[in-house]
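Just so it is clear, none of the values below were taken in a lab; they were calculated from the coordinates. Bear in mind the structure is a predicted one, so any value in this text is a computation, not a measurement. Cβ sites come from the backbone with ideal geometry, for glycine too, and all protein chains shown count toward neighbours.
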Amino acid sequence: MFGHIDCNNFYVSCERVFNPALQGFPVVVLSNNDGCIIARSLEAKRIGITMGQPRFKAERLLREHDIKVLSSNYTLYGDISRRVMDILTTHCKAAEIYSIDEAFVELPIVEKEDLLAFAADLREKILKWTGIPVGIGIAPTKTLAKVANHLAKKAGNGLCCIVTPEAIEAALADFPVEDVWGVGASHAWNLKRAGITTAKQLRDCEDRWVKDRMTVSGLRTVHELRGNVCIPLAERPEPRNEVVVCRTFSQYLQTEESLLPAFAAFANLAAERLRRDKLRAQEVTVFLETNRFNKGPQCHSSVTLELDVATSDTSDLVFYANEGLKKIFQAGHEYKKGGIILSKISPAKFQQTTLFSDAGREDRSARLMKALDEVNATTAELVKFGTEADDSGRAGKAAYLSPKYTTRWADIPEVA
Amino acid sequence: MAIPSELPIAYAGFPSPAEDYLEQPLDISGYVVKNPPATFYMRVAGDSMLGAGIFPGDLVVVDRSLDAHVGDVVIVSVNGGFAVKRLAISPGGKVFESANPEYDSFPLTSETSVWGVVTFVVHSLVR
């Protein structure tokens, strides 16, 4: 039996744990750069704030209803997420962390009453231990468990268990096909044109028909709707096949000098991620964009550089980021967004070098990176590499950031 | 936070006699944190609990997984903030008491709830 657990309004819920005054009030959380609304409390949803809405578009509603605005505090959300996932991992037979606020679990129980009791207990425990309200859906497959969770949310009680064929049948009967996990907007559109609007109808389609239109992964979804486990729990995350670091600049950048520190910072961050997962990259793509919402000449340029040897060395990647930037930069544009993508990723263990590489440099680089990572792990600010030192212009705005309540001693809550 | 220390396993080419007996150094979080996902830290700002040995500037360790019993020191969510108080019983029901005569107690209601149980207070003797 599978459970799908997801946290209600996760980012807002995290903020409310440490600021109980926010309970019951409309709250929104903004993306990096305070650009878009990426989380809303129930109250804010009811007022009509939509997910992903740019902040400036919601400004009037925000002011009229005195909606509390917060910047995204990923440090906090990541820590709280870890706690919730730890509880799931220790209480369930197996767990798959699907995203920052969602997980699938495997439950050894089979009887419906026991399942409901277990889920209710788990939900209460998570709320008590971490302050985060979650919804739980239980069903024989992951896809059905997501259906169950969706229903739990709609019903408002946060718990839904569909185990018997009758219960599953009833659940799928008027479940919109576009809300089925694995059915995206484009599949849904094609399905609706063929008259398939509910999950039940999709379930009853012929295998051949489904495979032709939705490929084998669509077929798996349909089989899962039928109660056959086709998508197992993935307890270990898939290894990355690329690292992307990109940012929207808080102001337009027009000169190469102003862009250099930004790209050095991107390279530094990307290199850190590689080293954390013990990986190296052999391909670097650098890209720059103007603001696509502006009138005037648009420009999206990119270049991909192949490296002789896969690397995770910050100075190497900063070098290549600079090389790439030089190739694509054109004067006269107002750049609004840029980033780097590292690909051709391989484990650090199995590295081929070229005939011409310098073995001593490898060793020195490894020691320097180890020292860099150790210093970064213990200090609050990342050690900045050479060209990165200048911060202006591309650092994310976060005007409404709450304290890092659980990871910085200076930020822990005060008690009277 | 545990920082694994690396003792030299070989001194000038000879293996260490301690090699098979090495243990991790004592780490206070192992002593003070019984249930990591439910444990949080807070800083004491007032003097309402002096009588309980809790001083301004102290660190308190809060465990949300414990049930609050009468007599426990707890964190209360009240007036949009947090307070550290002792849970007590009065003729009218459960109340939150201070350990300082300057402060009044207040009742447990829907507006005042227990956020977590204080399990340890860390008081620094040097400034």
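Numbers at a glance
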item: Neighbour-count order for A:THR285, A:THR141, fewest beta carbons within 10 angstrom listed first; result: A:THR285, A:THR141
item: Neighbouring partner chain Cβ atoms per residue of A:404-415, average, 10 Å criterion; result: 5
item: Hits among aspartates and glutamates - C-alpha to C-alpha of A:LYS146 under 12 Å, sequence gap 8 or more where chains match; result: A:ASP6, A:GLU102, A:ASP179, A:GLU224
item: Distance (nanometres) between label positions extended 7 Å along Cα→Cβ at A:ASN241 and A:PHE293; result: 3.3 nm
item: Out-of-range pairs (alpha-carbon distance over 24 Å; input A:LYS278/A:LYS327; A:LYS112/A:LYS142; A:LYS57/A:LYS397; A:LYS142/A:LYS200; A:LYS278/A:LYS344); result: A:LYS278/A:LYS327
item: Estimated FRET transfer efficiency (B:LYS94, A:LYS128; beta-carbon r; R0 25 Å; 0.05); result: 0.90
item: Extension gain, A:GLU113 back to A:SER217 (0.36 nm per residue minus Cα-Cα distance, nm); result: 34.2 nm
item: Computed over region A:191-337: relative contact order in percent, which uses C-alpha pairs under 8 Å that are six or more apart; result: 25 percent
item: All-pairs alpha carbon distance profile, the protein assembly as shown, 10 Å steps from 0, percent; result: 3, 13, 19, 24, 22, 13, 4, 1, 0
item: Set of lysines with alpha-carbon distance to A:LYS125 below 19 Å, sequence-local pairs under 8 removed; result: A:LYS93, A:LYS153, B:LYS34
item: Mean separation of Cα contacts under 8 Å (6+ apart) over length of region A:95-145, as relative contact order %; result: 20 percent
item: Extension reserve of the A:ARG367-A:LYS153 stretch, reckoned as 0.36 nm per residue once the Cα distance is removed; result: 72.0 nm
item: Simple label model, 7 Å out from Cα along Cβ direction - A:ALA167 to A:TRP409, nm; result: 5.0 nm
item: Average other protein chain Cβ within 10 Å of Cβ, residues A:127-133; result: 4
item: Relative packing of A:69-79, B:103-113, which averages over residues the other C-beta atoms within 10 Å, highest first; result: A:69-79, B:103-113
item: Region A:249-324 and region A:119-135: distance between their alpha carbon centers, rounded to Å; result: 41 Å
item: In nm, spacing of pseudo-spin labels at A:ALA120 and A:GLU323 (7 Å Cα→C-beta vector); result: 6.4 nm
item: Cβ-defined net charge surrounding B:VAL44, 13 Å radius [Lys, Arg +1; Asp, Glu -1]; result: -1
item: Separation between Cα centres of region A:49-111 and region B:91-127, rounded to whole Å; result: 31 Å
item: Ranked A:VAL17, A:VAL180, criterion: other C-beta atoms within 10 Å, fewest first; result: A:VAL17, A:VAL180
item: Mean separation of Cα contacts under 8 Å, 6 or more apart, over the residue count of chain A: relative contact order %; result: 16 percent
item: Selected from A:ASN228, A:ASN149, A:ASN268 as most flexible by GNM, with chain A as the system and alpha-carbon contacts under 10 Å; result: A:ASN228
item: Kirkwood Rh and Cα Rg combined as Rg over Rh, evaluated for region A:257-305; result: 1.09
item: Other-chain or far-sequence residues with amide H under 5 Å of A:GLY227's (modelled H); result: none
item: Trypsin sites (Lys or Arg not before Pro) lying in DSSP loop within region A:258-295, provided at most 11 other Cβ fall within 10 Å; result: A:LYS278, A:ARG292, A:LYS295
item: Where chymotrypsin sites (Phe, Trp or Tyr not before Pro) fall in DSSP loop in region A:292-338, at most 14 other Cβ within 10 Å; result: A:PHE293
item: B:SER113/B:LEU22 FRET efficiency (R0 41 Å; Cβ-Cβ; nearest 0.05); result: 0.35
item: Ranked A:LEU288, B:LEU22, A:LEU307, criterion: other C-beta atoms within 10 Å, fewest first; result: B:LEU22, A:LEU307, A:LEU288
